[in-house]
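The values are calculated or read from the model by the stated rules, or taken from the named source; none is laboratory data. Keep in mind that this is a model prediction, so the values were computed, not measured. No Cβ is skipped: glycine too gets one built from the backbone with ideal geometry, and neighbour counts run over all protein chains shown.
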Amino acid sequence: MSAAAGATAPVWGRAEQQDFRSRVRGTLLGGAIGDTLGAGVAGLALSEIRERYGPDALGDLVPVYGRPGGVSAATQLTLFTVDGLIRAQVRR
């Protein structure tokens, strides 16, 4: 049996891999943006948000954790988890 016969063919081609990576990046970015937009008003009822920020509610980033556009521990934990998955795959 030759070395080539024992090798496994890639499951996806280059285009499918790039598409998958793009989707993963989009998912992570979308989650981080949603977290950024919602972190400053987390736990508030819609009426409380409108009372603080006006009838249109939010129109811009709200300062959270000392600066506008801060992310919560949820985004940080997500990114650490993905980093761990990538490292595990590389070391495998």
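So, in segment 19-43, exactly how many residues are more than 17 Å from A57 (Cβ to Cβ) and among the β-branched types (V, I, T)?
Selection size over segment 19-43: 2.
A quick yes/no check of all residues on (1) within 16 Å of V24 (Cα to Cα); (2) surrounded by 10 or more Cβ atoms within 10 Å (Cβ to Cβ); (3) charged (D, E, K, R):
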residue: R67; (1), (2), (3): no, no, yes
residue: S72; (1), (2), (3): no, yes, no
residue: L79; (1), (2), (3): yes, yes, no
residue: Q89; (1), (2), (3): yes, no, no
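Under 6 Å between Cβ atoms, which residue pairs at least 6 apart in sequence (or on different chains) link something in segment 41-56 that is over 18 Å from V71 (Cα atoms) with a partner that is among the hydrophobic types (A, V, I, L, M, F, W, C) and in a loop (DSSP other than H, G, I, E, B)?
From residues that are over 18 Å from V71 (Cα atoms), the pairs are I49/V41; I49/A57; R50/A57.
Return the only residue of A15, A5 being loosely packed, with under 11 Cβ neighbours inside 10 Å, assigned to a helix (DSSP H, G or I) and at pLDDT below 85.
A5
Go over the candidates T27, T36 one by one and state the one that is β-branched (V, I, T) and either part of a strand (DSSP E or B) or modelled with pLDDT under 90 (or both).
T36
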